[in-house]
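What follows is a single structure, written as C-alpha cells, with notes after it.
The values are calculated or read from the model by the stated rules, or taken from the named source; none is laboratory data. Computed from a predicted structure; not experimentally measured. Cβ atoms come from the backbone with ideal geometry, glycine included; neighbour counts cover every protein chain shown. For the accessible areas, the whole protein counts, side chains as well, though only heavy atoms, and no ligand, DNA or RNA atoms are used. Shrake-Rupley method; radii C 1.70, N 1.55, O 1.52, S 1.80 Å.
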Amino acid sequence: GYVRSVAIQQGLPIDRKSLQSLGQRLIEENVNQFCENVLKSNDLLESNYFILDGIRHGSVLSYFKSNYPLIFIYVTASYETLRSRLEVRGEAELIDSLHTEPTEMEVEGILKDQADLIVSGEFSIEDQIAKIKLALSSYTT
C-alpha cells in the first residue's frame with residue numbers, strides 16, 4: 001500500500017509497528033493529502049467505485065465520507081480469532097498491541113461506531129461475502 005511505498009522510498013523499516021507509526025505521522029501532517037495519495041498510488045482518483053481496506057483512523061474515514069459516496073464495513077473478530085490469525089502469520093507478539101496501541105484503540109472505539117455494516121470475522125469468508133452482498137443490494141438502484 002501507500003504507507004509501505006513511502007517507507008521503502010525513505011529507507012524505513014516495513015514491520016507493522018513502523019508502518020503504523022509512519023502512517024500516523026503522515027495523517028497528522030496532512031490527512032487530506034494522505035487520503036489523496038492513497039487513491040493516487042492505486043490509480044483510483046478517477047474511479048467511480050473502489051474498496052479501501054484497513055482504514056484505521058477516524059480522520060481518514062471522515063475525509064472519505066465527506067468526499068466520496070461511502071459504505072463503511074467494519075469486520076470484527078474475537079480476541080482468540082485475532083490471536084490465532086496473528087500466530088499463523090508469525091506475528092503473535094502483536095496481540096497485546098491490539099489493546100494498547102493508539103491506532104488499534106481508535107479502530108475499536110471510534111470506527112466501529114461509524115460503521116454502516118458490521119460483519120463478524122468469526123464466520124467463513126463465503127458467509128461474510130454473502131452478508132455484505134445482501135446488505136449492499138439495498139444501496140443499489
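Starting from region 34-86, pick out the chymotrypsin sites (Phe, Trp or Tyr not before Pro) whose DSSP state is loop and whose Cβ has at most 16 other Cβ atoms within 10 Å.
TYR49, PHE50, PHE72
Could you check how many percent of all C-alpha pairs in the chain are farther apart than 19 Å?
Of all Cα-Cα pairs in the chain, 59 percent lie more than 19 Å apart.
Over region 3-96, give the accessible area per residue in Å² for a 1.4 Å probe, as an integer.
65
Assuming R0 = 25 Å, can you tell me the calculated FRET efficiency for the pair GLU46 and TYR2, based on Cβ-Cβ distance, to the nearest 0.05?
0.90
Under a 10 Å cutoff between Cα atoms, tell me which one of GLU29, GLU80, GLU46 has the largest fluctuation in the Gaussian network model of the chain.
Residue with maximal mean-square fluctuation among GLU29, GLU80, GLU46: GLU46.
Of the cross-linked pairs LYS65/LYS131; LYS40/LYS133; LYS65/LYS133; LYS65/LYS112; LYS17/LYS131, which ones have a Cα-Cα span greater than 25 Å in the structure shown?
Table pairs above 25 Å Cα-Cα are LYS40/LYS133; LYS17/LYS131.
Note the full-extension length gain between GLU122 and PHE72 as 0.36 nm times their separation in residues minus their Cα-Cα distance, in nm to one decimal.
Length gained between GLU122 and PHE72: 16.1 nm.
Please give, to one decimal in nm, the separation of the simple spin-label points placed at SER62 and TYR79, each 7 Å out from Cα toward the Cβ.
With each label placed 7 Å out from Cα toward Cβ, I get 3.1 nm.
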